[in-house]
1. For the list (1) within 17 Å of Thr13 (Cα to Cα); (2) in contact with a strand residue (DSSP E or B) (Cβ under 9 Å, 6 or more places away or on another chain), I need the number of the one condition that Lys89 fails.
2. Pairs please, first residue from the range 76-87 and within 17 Å of Met127 (Cα to Cα), second anywhere and assigned to a strand (DSSP E or B) and among the charged types (D, E, K, R), Cβ atoms under 6 Å, 6+ apart in sequence or on different chains.
3. Which members of the range 6-52 meet the condition of being closer than 17 Å to Trp70 by Cα and either of a type in the set (Phe, Trp, Tyr) or assigned to a loop (DSSP other than H, G, I, E, B) (or both)?
4. Taking the range 90-135, which residues are polar (S, T, N, Q) and crowded, with 17+ Cβ neighbours inside 10 Å?
5. Just to be sure I understand, how many residues within the range 116-138 are in contact with a Lys or Arg (Cβ under 6 Å, 6 or more places away or on another chain) and within 17 Å of Phe24 (Cβ to Cβ)?
6. Please indicate, with yes or no, whether at least one residue in the range 12-34 is within 14 Å of the chain's Cα centre (by Cα), of a type in the set (Ser, Thr, Tyr) and closer than 21 Å to Ala120 by Cα.
7. So, in the range 15-52, of the ones that are in contact with a Pro (Cβ under 7 Å, 6 or more places away or on another chain) and surrounded by fewer than 16 Cβ atoms within 10 Å (Cβ to Cβ), which residue ends up farthest from Arg140 (Cα to Cα)?
Amino acid sequence: MLAGVGEWEGTFTMFMPGAEPMVFPCAETVVAVGDYWTTSTFRSDMGGMPFAGASSLGYDADKKQYVGTWLDSTTTYLTVMHGDFDAAKNMLVMRWQGPNWMGDGSLVDFRFEHVQRGDAFVSAFFMGEGEKHMEIKMKRKAAK
C-alpha cells in the first residue's frame, strides 16, 4: 500500500459494449497517513468534462482485510470496499455493492483488481463477474 505513495500519470479507459474504447489522460496523487493508510486524489478530463475522485485505503487488522472508500464528482454514492491481497498474483482485489451504472436503480456487485510492479500499476474494474468496463494504467512521475 505505501509503495503506491507518490505522483502518478497515465490513462483511464472506458469499455462500452458495441463501441470503441474511450481513453482519457489522468493523474493521481497518493499520500501516506501514518504507517497503515493512504489517501488519494484522482483527476481526469473525460472529453472536456472534468472528473475528480478521492479514496482512502488501509488494512483493518481486526477484520483481517483491506478496506477502502471512493467518492467522485459524478455520483452521490459513497463506495465502501473490502478485499484481500492475492500474493501469488501480486494483486489487491476489492469488492463492493453499488448503483447499477445502467441507471435502473438496482444495486450490483463490483470488483477492482490492482497490480503494482515498481513504478507502474494497472487497475481493472468489473461489474459483477462480467467483463472489464474500466482500466487505469499509471506510471510514477519522475522526481524533480
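The values are calculated or read from the model by the stated rules, or taken from the named source; none is laboratory data. A quick note: this is a predicted structure, and the numbers were derived from the prediction, not measured. A quick note on method: Cβ atoms are made from the backbone with ideal geometry, for glycine too, and the neighbour counts reach across all protein chains shown.
1. The single condition Lys89 does not satisfy is (1).
2. Taking only residues 6 or more apart or on different chains, the pairs are Gly83/Arg95.
3. Phe12, Trp37, Phe42, Phe51
4. Of all residues in the range 90-135, those polar (S, T, N, Q) come to 90, 97, 100, 106, 116, 123.
Result: Gln116, Ser123.
5. Of the residues in the range 116-138, the ones in contact with a Lys or Arg (Cβ under 6 Å, 6 or more places away or on another chain) are 119-120, 122, 124, 126.
Retained after the next criterion (residues that are within 17 Å of Phe24 (Cβ to Cβ)): 122, 124.
Going through the range 116-138 one residue at a time, the tally reaches 2.
6. Residues of the range 12-34 within 14 Å of the chain's Cα centre (by Cα): 12-14, 26-30.
The next check asks that each one be of a type in the set (Ser, Thr, Tyr); those that pass are 13, 29.
Adding the requirement that they be closer than 21 Å to Ala120 by Cα leaves 13, 29.
Within the range 12-34, one or more residues are within 14 Å of the chain's Cα centre (by Cα), of a type in the set (Ser, Thr, Tyr) and closer than 21 Å to Ala120 by Cα.
7. By that ranking, first place goes to Phe15.
Residues checked against (1) closer than 21 Å to Pro21 by Cα; (2) modelled with pLDDT of 95 or more:
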position	(1), (2)
Leu71	no, yes
Thr76	no, no
Gly83	no, yes
Leu92	no, yes
Gln97	no, no
His114	yes, yes
Ser123	yes, yes
Met127	yes, no
